[in-house]
1. Between Ala48 and Arg204, what is 0.36 nm times their sequence separation minus the Cα-Cα distance? Round to one decimal in nm.
2. Would you mind calculating the gained length between Thr56 and Asp166 on full extension (0.36 nm times residue separation, minus the Cα-Cα distance), in nm to one decimal?
3. What whole-number distance in Å separates the alpha-carbon centres of the range 157-177 and the range 69-135?
4. Would you look at the GNM of the chain, springs on alpha carbons closer than 10 Å, and say which of Leu133, Leu163, Leu27 moves the most?
5. For Asp104 and Ala185, what is the calculated FRET efficiency with R₀ set at 30 Å and r taken between the beta-carbons, to the nearest 0.05?
6. Among Ala178, Ala50, Ala89, determine the one that fluctuates most according to a GNM of the chain built with springs between C-alpha atoms less than 10 Å apart.
7. Mind telling me which of Val52, Val187, Val75 comes out most flexible in a GNM of the chain, alpha-carbon contacts under 10 Å?
8. Taking only DSSP H segments of four or more residues, each worth -39500 (n - 2.57), what value at 222 nm results for the chain once the sum is divided by all its residues, to the nearest 500 deg cm²/dmol?
Amino acid sequence: MTTRAGHSRHRRPGRPREEATEQAITLAARQVLADRGVARMSMEHVAARAGVAKSTLYRRWPSKVELAVHAVAAVFDEIEVGDHGSLAADMRAGVDEAARLLRDPSTGGAYAALLAESARDPEGVGVAVRGSLSTRLHALVATSVERAIGRGEITPEMVDVDLLADVVVGSVMHRALATGVPDEAFVDGLIELLADVAYARLSRAARNAGT
C-alpha cells in the first residue's frame, strides 16, 4: 500500500488538474486583456499571472489572439439557455445572465478590448471574434427562437435570427461598456421593445393574411 501510494504521487496530472490549469490561464488572460488590451497583451504576461510556463499556453493556443478570444468566449459558454415558457422569458433570462457576467471588470474590460482591436484589425482579430465569440452569442439567441417556433409562439418568417441577435447582443454590450451596467429597468425595457416588435409583426401578418 505504501509503495503504491508513493508511486501515485508521481503520476501524470489527470483531467481535474488540466481543467484547473486551463481555468487559471483563462482567468489570467481576461485580466491581462482587460488591463493591457490586445496589442500590449503577451503570452509571457498571461503565463506569469496564471503561474504556469509559457509553453503550457502555446500547447493550447498558438497565438495570443486565439487565447484572448477563447478567454472571453469561455465566459459566455457559461450561459445556459433554459426553457422559461416563452420567448420573452427565455430572452430575459439570457440578457440577465449576460449582464451579470459583464459586471465582472475583467470580463467587461476584456470584451471591450477585443471589440476595439477588432475595429483596428477587422481582417485579423475581427475575423477571430466573429468566427468564435459572435457565433456563440448568436447561437444563444437562435436556441430561444427555435424553441419559440416549436411552441407555435412565432413563425420562422417572423424573425431574422441574426438581426435579433445583433439587436440583443449589441444593446446589452453597448449598455455595459459605454453607458453603464444593464440594470433591471434596462433589461425589462429591451424585452418589452422586442416583444412589441414581434407582436406588431404578428398582427401585420394576420391582417395581410386576411386581405
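1. Fully extending the segment from Ala48 to Arg204 adds 50.3 nm.
2. 36.1 nm
3. Value for the Cα centre distance between the two parts: 11 Å.
4. Highest fluctuation among the options: Leu163.
5. Efficiency computed from Cβ-Cβ geometry: 0.90.
6. Comparing Ala178, Ala50, Ala89 in the GNM, the peak value goes to Ala178.
7. Val52
8. -23500 deg cm²/dmol
Where a number appears in this text, it was derived from the coordinates with a stated rule and is not lab data. Worth saying up front: this structure is predicted, and the values here are computed from it rather than measured. Because the Cβ atoms are built from the backbone with ideal geometry, glycine has one as well, and the counts that use them run over all protein chains shown.
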